[in-house]
Ligand SMILES: Cc1cc2nc3c(=O)[nH]c(=O)nc-3n(C[C@H](O)[C@H](O)[C@H](O)COP(=O)(O)OP(=O)(O)OC[C@H]3O[C@@H](n4cnc5c(N)ncnc54)[C@H](O)[C@@H]3O)c2cc1C
């Protein structure tokens, strides 16, 4: 075991959230150490898509938080001397029927009131926009501000940038112990190989955050919610930008007032169309939402149902080959908001539970945690994101 290393802060977890926090702390001249039990982005951040979306958010706080994060991406992409493939192509939510159209119009009004560039397309316009959509799709909701990037490149780019500003990074090194001093404040973090003396620890361990919480006696209500994805072969441009089904919003938030016209399997596996053209000219098809513990294996029934759903929206892809599939674990919280929070233990912070939005919210999370530790004014209130909200009901 190496002798003690002293740091202003130790960040646990080298996904997009932990690397963003490390970057912002280093940018604030803090001596920071990032500790990751595997390789950088070896958790959920290496098993996901890279969308930075506001169009699928609930209006109000969720939407404002995401917009703040979205607006940081051009700045950070510019700052890093690393290509994170940041693009702002916008996105489209495809509307299947008149009932969805009514809901979409309401959402559009609410998001427009938040200052977002969102608009409804009618049946003619949506097919002008995406000619390969099934002819019976009745319309769409589009926004120009949504973007996408390569999540692994983002994590590595942030680490690279943080190191240049003096951060230290310890990979393949799992945190095994966190010690408090006689006053109950953070004193030390230990891995199998090293010990770090510090007054600030950030738990950015994604679906493993509850395990880290246990080391200091905190209950962190995060559950893994599995999502599977298909990767198709390189082909012609089926869609020019990200296309999701409007019913995706319903599946995501388990809305009980609306039933989509889907098979029992699609309902059971929480399947909703996510269609993502990639830089390499193939495309990703998603996605599913299931609670199956820490299982990251793909299942043929789920994959088949996802493919069927995609063909319903884009019949033209029926004969295109699938070359790969993978699954990741979204860090789910009961109210779908992340935990970005100080805790009852002085010096212990939680930045986890971003569910399906961790890539998009990574930068604002990094900024907010850095502002908390450096005692600076916060970019937005973090009241709705506090860990204590679960205890207080
Ligand atoms: C199929 C799918 C598609 C998705 N698509 C999108 C999308 O398009 N846009 C979006 O915004 N979000 C998306 N997400 C969600 C996003 O991927 C996650 O919210 C995000 O990756 C979470 O990042 P994180 O850094 O919190 O967690 P992780 O990336 O899991 O990082 C946590 C890290 O902590 C490490 N760790 C755990 N225990 C320890 C320990 N004891 N010591 C040291 N290190 C430890 C782990 O090894 C891991 O690397 C998707 C998710 C899935 C599954």
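The values are calculated or read from the model by the stated rules, or taken from the named source; none is laboratory data. Just so you know, these numbers come straight off a predicted model, no measurement behind them. Please note: Cβ atoms are built from the backbone with ideal geometry, for glycine as well, and neighbour counts cover all protein chains shown.
Taken together, 103, 75 contain a single residue that is more than 29 Å from residue 280 (Cβ to Cβ) and either away from the ligand (no atom under 15 Å from the Cβ) or outside the structural domain of residue 369 (by TED's automatic domain parsing) (or both), which is 103. Just one of (1) assigned to a helix (DSSP H, G or I); (2) more than 12 Å from the ligand (Cβ to nearest atom); (3) closer than 30 Å to residue 308 by Cα fails for residue 237. It is (1).
So that you can scan it fast, the table gives a plain yes or no per residue for (1) under 18 Å from residue 312 (Cβ atoms); (2) over 19 Å from the mean Cα position of the chain (by Cα):
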| residue | (1), (2) |
| --- | --- |
| 61 | no, no |
| 67 | no, no |
| 106 | no, yes |
| 118 | no, yes |
| 126 | yes, yes |
| 144 | no, yes |
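Against the condition surrounded by fewer than 24 Cβ atoms within 10 Å (Cβ to Cβ) and in contact (Cβ under 8 Å) with a residue 12 or more places away in the chain, how does residue 326 come out, does it pass? Steps first, answer last, please.
Details: surrounded by fewer than 24 Cβ atoms within 10 Å (Cβ to Cβ): yes; in contact (Cβ under 8 Å) with a residue 12 or more places away in the chain: yes.
For residue 326, the condition - surrounded by fewer than 24 Cβ atoms within 10 Å (Cβ to Cβ) and in contact (Cβ under 8 Å) with a residue 12 or more places away in the chain - is met.
Among the residues making up the stretch 227-264, those that are modelled with pLDDT of 90 or more, more than 18 Å from residue 287 (Cα to Cα) and surrounded by fewer than 14 Cβ atoms within 10 Å (Cβ to Cβ) are 234, 236, 237.
Residue 124 falls short on exactly one of the conditions (1) at pLDDT below 95; (2) more than 20 Å from residue 365 (Cβ to Cβ); (3) surrounded by fewer than 20 Cβ atoms within 10 Å (Cβ to Cβ), and that condition is (1). Restricting the search to strands (runs of 3 or more DSSP E) fully inside the stretch 4-105 and requiring at least 1 residues that are farther than 21 Å from residue 172 by Cα gives 91-95.
If a residue has to be in contact (Cβ under 8 Å) with a residue 40 or more places away in the chain and surrounded by fewer than 20 Cβ atoms within 10 Å (Cβ to Cβ) to count, how many in the stretch 31-48 make the cut?
The first filter runs over the stretch 31-48 and keeps only residues in contact (Cβ under 8 Å) with a residue 40 or more places away in the chain, leaving 31-41, 43-48.
Pick out the ones that are also surrounded by fewer than 20 Cβ atoms within 10 Å (Cβ to Cβ) and you get 31, 38-39, 46.
Summing the residues that are in contact (Cβ under 8 Å) with a residue 40 or more places away in the chain and surrounded by fewer than 20 Cβ atoms within 10 Å (Cβ to Cβ) in the stretch 31-48 gives 4.
Selection over the stretch 176-211 of residues that are over 28 Å from residue 294 (Cβ atoms), part of a strand (DSSP E or B) and without any contact (Cβ under 8 Å) to a residue 12 or more places away in the chain gives a count of 0.
Test of understanding: among 166, 184, which residue is assigned by TED's automatic domain parsing to the domain that holds residue 14 and in contact with a helix residue (DSSP H, G or I) (Cβ under 8 Å, 6 or more places away or on another chain)?
On the way: 184 fails: in contact with a helix residue (DSSP H, G or I) (Cβ under 8 Å, 6 or more places away or on another chain).
After ruling out the rest, the residue left standing is 166.
Would you confirm whether or not the stretch 351-359 contains a residue that is farther than 20 Å from residue 288 by Cα and touching a strand residue (DSSP E or B) at 6+ places or on another chain (Cβ under 8 Å)? Checked the stretch 351-359: at least one residue is farther than 20 Å from residue 288 by Cα and touching a strand residue (DSSP E or B) at 6+ places or on another chain (Cβ under 8 Å). Anything in the stretch 214-228 that is near the ligand (Cβ under 9 Å from one of its atoms) and either more than 22 Å from the chain's Cα centre (by Cα) or under 17 Å from residue 184 (Cα atoms) (or both)? List them, or say none. Within the stretch 214-228, 215 is the sole residue that qualifies.
For the stretch 265-291, the set of residues classified as touching a strand residue (DSSP E or B) at 6+ places or on another chain (Cβ under 9 Å) and surrounded by fewer than 15 Cβ atoms within 10 Å (Cβ to Cβ) consists of 268, 279, 291, listed by residue number. Looking only at the stretch 109-127, residues that are within 14 Å of residue 94 (Cβ to Cβ), in contact with a strand residue (DSSP E or B) (Cβ under 8 Å, 6 or more places away or on another chain) and part of a helix (DSSP H, G or I) come to 3 in all. Residue 310 satisfies every condition listed in (1) outside any loop (DSSP other than H, G, I, E, B); (2) over 17 Å from residue 51 (Cβ atoms) except (2).
Let's see how each residue does on (1) within 6 Å of the ligand (Cβ to nearest atom); (2) at pLDDT below 95; (3) in contact with a strand residue (DSSP E or B) (Cβ under 8 Å, 6 or more places away or on another chain):
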site	(1), (2), (3)
1	no, yes, yes
6	no, yes, yes
19	no, no, yes
34	no, no, yes
39	no, no, no
48	yes, no, yes
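For a quick check of your reading of the model, give me the residue pairs whose first member lies in the stretch 347-372 and is assigned by TED's automatic domain parsing to the domain that holds residue 327 and assigned to a loop (DSSP other than H, G, I, E, B), whose second is at pLDDT below 95 and within 6 Å of the ligand (Cβ to nearest atom), with beta-carbon atoms closer than 8 Å and at least 6 apart or on different chains. Going by the 8 Å Cβ cut-off, there are no qualifying pairs.
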